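Taking it in order: structure first as C-alpha cells, then the write-up.
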Amino acid sequence: MNDAIIVVNTGSTSLKFAAYEMDAAGSLLAHCLGQIDGMQGDPRFVVRNAAGKPWDAHEWGEGHPIDHSAAPRFVVEWLEDNLKGKKLAAAGHRVVLGGERYEAPVRIDGDVLDYLQSLAVMEPSHQLFNVRGARALAEAFPKLPQVACFDSSFHRTMPEAAQNYALPKDVRDAGVRHWGYHGISYDYISRQTPKFAPHARRVIVAHLGGGASMCAMLDGRSVETSMGFAGGSGLPMATRSGDVPPGALFYLLRRKLFDAASLEKMLYERAGLLGLSGLSGDMRILQDSKDPRAAAAIEHFVYAMTKYAGAYAAVLGGLDAFVFTAGIGENSAPVRAALCAKMTWLGVKLDERANACGGPRISSMDSKVSVWVIPTNEELMIAQYTLALVRSRLV
Ligand code: ADP
C-alpha cells in the first residue's frame, strides 16, 4: 500500500491543503489540492485533483461557521475516505514562526505546540491559526505523525548582523529579532535555481504574492530578507504596509487616531497596494485599471523592490541571478519588466519576448545577470520536509 502525506495551511478564515502520494520509487506525486474558505460565515470546501479538475465540493450554508478544529478534521476525514487504497502516513503543517527554538522542521507534540502558541503574540496574522489547525489534528488523530514546518527557519543562516536590530540586549532577548518569512518558498526556490542557473552563487529571489518579500541568497542560503520581525514589514504587499517608520506609529497613537489594535489592523488590512491605490490590493485589478492611482501604487511597489535589489546586490557583493516567484512574480510581465529596467545598472538585460511568455529565462543571453521566473511550490516543500522527518530522508 502506498503512503500519502497531507499538507495543511490553516489561516484565520481559510484552510488550504494538498495531498501527495509516494510512488514505488519514493517520489512524491500530487494527489489533490483544496481549501475551505469563509470558515467564519459561509464555509465552502472545494478540492481539485492533480490535473486541476474539480473533484468534490461541500457547503455548510450561510450562518453555519466552522472553527479551526472542525475544518482540519473535515479535510483529513474526507481524504481518508478518498485515498482509495493509500494510507495517510503523516501531516505537515505550515507554521510561520519557529522562534529561537526551531531552525528546522520538527515532529509535533504538546510541548512543541505550546511553545509555538507562545510565539503568536509576535506574529498576529498567521501563527495562532497555524497552531490551532495543527493542535486540532494532533488531538483528533494522535497516531498520525505530524510535522511543523516554519517560514522563519530558512533565514536562521543570516549573519548575526542581519538578524539583529540595533536594540538593547534585554529587548533582543525578549524575542525582537529579524526573523524573516516566506522561507518555505525560498528553500524550494533555492533547490530549483541551480537547475536553471548552476553557476549562480549570488542570487536575489523576489517572492511576490499577496504577501511579498525579497531574499538575498549566497550559495543557496539566506543572508538577508526584507520581511523582518512580523509579517507586515519590508515590501508593501496586497494589504500590508511594509516598512513604516516607528515615529509615524507613535505619532498616530499620540494623536489617538488609533489604539494599538486598530493601528495593527490598519497596517495589515488597509495598507499596501490597497491603501496606496484606494482601489484594490489585487495586482490583476490594478494592472487592468485606467485609474492613475493604480499606476501610482504599482510604481511604488516597483520602487520599493528597486531599493531592496540595490541593497541586496551590495550585501552579496554583486549579483549573478535574479528570480521572480509567487502570484505576481510568476504572472505579471509588466511588474517584472519594470523592475528589470531599474536593474540595468546591475547588468540586467530583459528579453521582452521571453518575459511576455513567462520564461523560465527572461534575460537576454548577453545579460550579465540571468533573470528567471521559477514557480514556487510551498506545499511540495512541506511534504518533502515531512517525509524527511518521518522517514529520516528527503525524497
Ligand atoms: P498568496 O498565496 O500570498 O495569497 P499568490 O502567490 O497566489 O498569493 O499571489 C496573489 C497575487 O498574485 C495577487 O496580487 C494577484 O493579483 C497576483 N496575480 C495572480 N495572477 C496574476 C496575473 N496574471 N497578473 C498579475 N498579477 C497576478
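The values are calculated or read from the model by the stated rules, or taken from the named source; none is laboratory data. No experiment lies behind these values; they were computed from the predicted model shown. Glycine also receives a Cβ, built like all others from the backbone with ideal geometry; neighbour counts cover every protein chain displayed. The area values use the complete protein model at the heavy-atom level, side chains included, leaving out ligands, DNA and RNA. Shrake-Rupley method; radii C 1.70, N 1.55, O 1.52, S 1.80 Å.
What are the residue pairs meeting all of these: first residue in segment 315-333, first residue at pLDDT 95 or above, second residue within 8 Å of the ligand (Cβ to nearest atom) and among the polar types (S, T, N, Q), Cβ atoms under 8 Å, and 6 or more apart or on different chains?
T325/T376; A326/T376; E330/T376; S332/Q287
Tell me, please, whether a residue that is closer than 13 Å to C215 by Cα and not β-branched (V, I, T) can be found in segment 125-133.
As a first pass, look at segment 125-133 and keep what is closer than 13 Å to C215 by Cα: none.
Checked segment 125-133: no residue is closer than 13 Å to C215 by Cα and not β-branched (V, I, T).
Of the conditions (1) assigned to a loop (DSSP other than H, G, I, E, B); (2) more than 29 Å from S153 (Cα to Cα), E103 satisfies every one except a single condition; which number is it?
In the conditions (1) assigned to a loop (DSSP other than H, G, I, E, B); (2) more than 29 Å from S153 (Cα to Cα), E103 misses (2) alone.
Hey, could you check segment 50-60 for residues that are among the hydrophobic types (A, V, I, L, M, F, W, C) and in a strand (DSSP E or B) and say which is farthest from L137 (Cα to Cα)?
Of segment 50-60, the ones among the hydrophobic types (A, V, I, L, M, F, W, C) are 50-51, 55, 57, 60.
Now narrow it down to the ones that are in a strand (DSSP E or B): 55, 57.
On the way: W55: 23, A57: 21 Å.
Checked segment 50-60; the qualifying residue farthest from L137 (Cα to Cα) is W55.
Just for segment 1-51: of the residues that are more than 21 Å from L144 (Cα to Cα) and out of contact with any strand residue (DSSP E or B) (no Cβ under 8 Å at 6 or more places or on another chain), which one is surrounded by the most Cβ atoms within 10 Å (Cβ to Cβ)?
Of segment 1-51, the ones more than 21 Å from L144 (Cα to Cα) are 11-14, 24-25, 36-51.
From what is left, the residues that are out of contact with any strand residue (DSSP E or B) (no Cβ under 8 Å at 6 or more places or on another chain) are 11-12, 24-25, 40-41, 51.
Numbers: G11: 18, S12: 14, A24: 6, A25: 6, Q40: 11, G41: 12, A51: 8.
Filtering segment 1-51 for residues that are more than 21 Å from L144 (Cα to Cα) and out of contact with any strand residue (DSSP E or B) (no Cβ under 8 Å at 6 or more places or on another chain), the one surrounded by the most Cβ atoms within 10 Å (Cβ to Cβ) comes out as G11.
Inside segment 239-255, can you point out the residues that are within 16 Å of the ligand (Cβ to nearest atom) and either open to solvent by 20 Å² or more (accessible area, probe 1.4 Å) or not in a loop (DSSP other than H, G, I, E, B) (or both)?
Initial filter on segment 239-255 (within 16 Å of the ligand (Cβ to nearest atom)): 239-242.
Answer for segment 239-255, where residues must be within 16 Å of the ligand (Cβ to nearest atom) and either open to solvent by 20 Å² or more (accessible area, probe 1.4 Å) or not in a loop (DSSP other than H, G, I, E, B) (or both): T239, R240, S241.
Please work out if I382 is within 18 Å of F196 (Cβ to Cβ), at pLDDT 95 or above and buried (at least 19 other Cβ atoms within 10 Å of the Cβ).
Working: within 18 Å of F196 (Cβ to Cβ): no; at pLDDT 95 or above: yes; buried (at least 19 other Cβ atoms within 10 Å of the Cβ): yes.
Considered against the rule, which asks whether it is within 18 Å of F196 (Cβ to Cβ), at pLDDT 95 or above and buried (at least 19 other Cβ atoms within 10 Å of the Cβ), I382 comes out as no.
Are there any pairs, at least 6 apart or on different chains, whose C-beta atoms fall under 9 Å, with the first in segment 126-140 and closer than 29 Å to R240 by Cα and at pLDDT below 95 and the second of a type in the set (D, E) and open to solvent by less than 40 Å² (accessible area, probe 1.4 Å), and if so, which?
H126/D151
Matching residues to (1) over 17 Å from H126 (Cα atoms); (2) part of a strand (DSSP E or B); (3) under 21 Å from the mean Cα position of the chain (by Cα); (4) not hydroxyl-bearing (S, T, Y):
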site	(1), (2), (3), (4)
N9	no, yes, yes, yes
F17	no, yes, yes, yes
G26	yes, no, no, yes
E62	yes, no, no, yes
D67	no, no, no, yes
V76	yes, no, no, yes
D81	yes, no, no, yes
A89	yes, yes, no, yes
H93	no, yes, yes, yes
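In segment 278-297, what residues are part of a helix (DSSP H, G or I), open to solvent by 30 Å² or more (accessible area, probe 1.4 Å) and near the ligand (Cβ under 10 Å from one of its atoms)?
Start the filter on segment 278-297 by keeping residues that are part of a helix (DSSP H, G or I), which leaves 283-288, 292-297.
Right, trim to open to solvent by 30 Å² or more (accessible area, probe 1.4 Å) and you get 284-285, 287-288, 292-293, 295-296.
Result: R284, I285, Q287, D288.
If you go through segment 264-277 one residue at a time, do you hit one that is touching a helix residue (DSSP H, G or I) at 6+ places or on another chain (Cβ under 6 Å) and either more than 16 Å from the ligand (Cβ to nearest atom) or open to solvent by 60 Å² or more (accessible area, probe 1.4 Å) (or both)? Steps first, answer last, please.
Initially, segment 264-277 is screened for residues touching a helix residue (DSSP H, G or I) at 6+ places or on another chain (Cβ under 6 Å), giving 273, 276-277.
Restricting the remaining residues to those that are either more than 16 Å from the ligand (Cβ to nearest atom) or open to solvent by 60 Å² or more (accessible area, probe 1.4 Å) (or both) gives 276.
Yes, the conditions are met somewhere in segment 264-277.
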